[in-house]
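The values are calculated or read from the model by the stated rules, or taken from the named source; none is laboratory data. Just so it is clear, the structure is predicted and the values come from calculations on it, not from any experiment. Cβ atoms come from the backbone with ideal geometry, glycine included; neighbour counts cover every protein chain shown.
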Amino acid sequence: QWLEVESSSSGGSPEVADFKLYLIQELCQASLFQARKEKLFHAPGSPVIDLAMLLHVLLDIAQGIAFLHERNIIHGDLKPDNVLLKEDRTAACGCCAKLSDFGLSIALDPAATHVSNYATGTPFYMAPEVLSQARVTKAADIYGLGVIMWEMATDKAPWVEGLEKGRYEPHPLFPHLPLDCEPAYAELLARCLAKSPGERPAASTVVQELRDMIACMDDNWAEAQNGPNAGTAVY
């Protein structure tokens with residue numbers, strides 16, 4: 001279809017019918033980047049992110065990645081700006097996350113496992129092998145997801161401005177997490193950020209582990225509601 005669009009474009013020739021192409025995207029209320037900056041995942045006045053809400057959003061992202069990978073598609077530029085949030089009152093967290101901006105996406109040949117000489121996307125979200133070898137696999141998307149997980153958990157961008165104006169360098173705390181971070185979350189994040197692509201989990205594995213974390217939080221909440229202190233105000 002895109003080839004048809006390119007070949008049909010007149011390029012200024014009066015002998016070829018000209019046309020305009022419009023892309024219409026569903027309305028989403030914010031990006032994940034905006035949500036972090038505006039602390040939309042925080043209770044009013046709280047410095048602590050709502051982990052349950054974050055996990056549901058990350059699950060949406062992971063499910064989107066898994067959907068692409070099942071079809072041999074690599075997104076290629078995962079970052080908070082490219083994750084959009086759409087209001088959804090039926091969702092557990094009140095919104096659903098959707099992947100966007102497929103400008104660097106690649107459809108792999110059925111027998112292919114990677115692409116070489118890849119044009120890199122956004123620095124600090126790209127996997128080490130993409131930056132050093134221009135080699136991209138599905139595991140590169142998992143690394144990008146890991147950076148997003150770190151950014152949302154720490155409320156920090158993965159970079160800081162360097163001594164020279166206009167130059168940036170990795171955040172000195174990256175990829176370390178706060179000591180009170182949920183252990184299962186920290187463990188999954190560490191595997192997503194593994195330097196070796198072969199050590200990163202598949203998208204389907206990430207989906208399952210996020211579901212397990214959500215289920216565990218639900219169980220803990222139910223236990224707290226039904227425990228000996230249920231209904232008792234704690235100050």
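Can you name the residue in the range 192-235 that is more than 19 Å from the chain's Cα centre (by Cα) and of a type in the set (Val, Ile, Thr) and, of all such residues, is modelled with the highest pLDDT? So the residue we want is THR232. Is it the case that some residue within the range 52-64 is surrounded by fewer than 19 Cβ atoms within 10 Å (Cβ to Cβ), in contact with a strand residue (DSSP E or B) (Cβ under 8 Å, 6 or more places away or on another chain) and either without any contact (Cβ under 8 Å) to a residue 40 or more places away in the chain or outside any helix (DSSP H, G or I) (or both)? Looking for residues that are surrounded by fewer than 19 Cβ atoms within 10 Å (Cβ to Cβ), in contact with a strand residue (DSSP E or B) (Cβ under 8 Å, 6 or more places away or on another chain) and either without any contact (Cβ under 8 Å) to a residue 40 or more places away in the chain or outside any helix (DSSP H, G or I) (or both), one finds none in the range 52-64, hence no. Restricting attention to the range 96-115, does a residue exist that is under 14 Å from ASP60 (Cα atoms), small (Gly, Ala, Ser) and within 16 Å of the chain's Cα centre (by Cα)? Yes, some residue in the range 96-115 is under 14 Å from ASP60 (Cα atoms), small (Gly, Ala, Ser) and within 16 Å of the chain's Cα centre (by Cα).
Among residues that are loosely packed, with under 14 Cβ neighbours inside 10 Å and under 22 Å from LEU68 (Cβ atoms), GLU161 is not included. Selection over the range 1-45 of residues that are surrounded by fewer than 10 Cβ atoms within 10 Å (Cβ to Cβ), small (Gly, Ala, Ser) and at pLDDT 80 or above gives a count of 1. Please work out if VAL136 is under 22 Å from ALA97 (Cβ atoms), of a type outside the set (Gly, Ala, Ser) and buried (at least 22 other Cβ atoms within 10 Å of the Cβ). Taking the combined requirement at face value, the residue does not satisfy it. So which of ALA52, ALA62 is over 18 Å from VAL147 (Cβ atoms), at pLDDT 90 or above and touching a helix residue (DSSP H, G or I) at 6+ places or on another chain (Cβ under 8 Å)? It is ALA52.
ALA111 meets each of the listed conditions (1) surrounded by fewer than 17 Cβ atoms within 10 Å (Cβ to Cβ); (2) small (Gly, Ala, Ser); (3) in contact with a Leu (Cβ under 6 Å, 6 or more places away or on another chain) apart from (3). Annotation note: Cβ proximity below 7 Å between a residue of the range 68-96 that is more than 18 Å from LYS39 (Cα to Cα) and a residue that is of a type in the set (Ser, Thr, Tyr) (sequence gap 6+ or interchain) occurs for ILE73/SER105; ILE74/SER105; HIS75/SER105; GLY76/SER105; ASP77/THR122; LEU78/TYR125.
In the range 177-200 there is at least one residue that is assigned to a loop (DSSP other than H, G, I, E, B), touching a Cys at 6+ places or on another chain (Cβ under 7 Å), buried (at least 19 other Cβ atoms within 10 Å of the Cβ) and in contact (Cβ under 8 Å) with a residue 24 or more places away in the chain. Of the set (1) in a helix (DSSP H, G or I); (2) at pLDDT 95 or above, all apply to LEU131 but (2).
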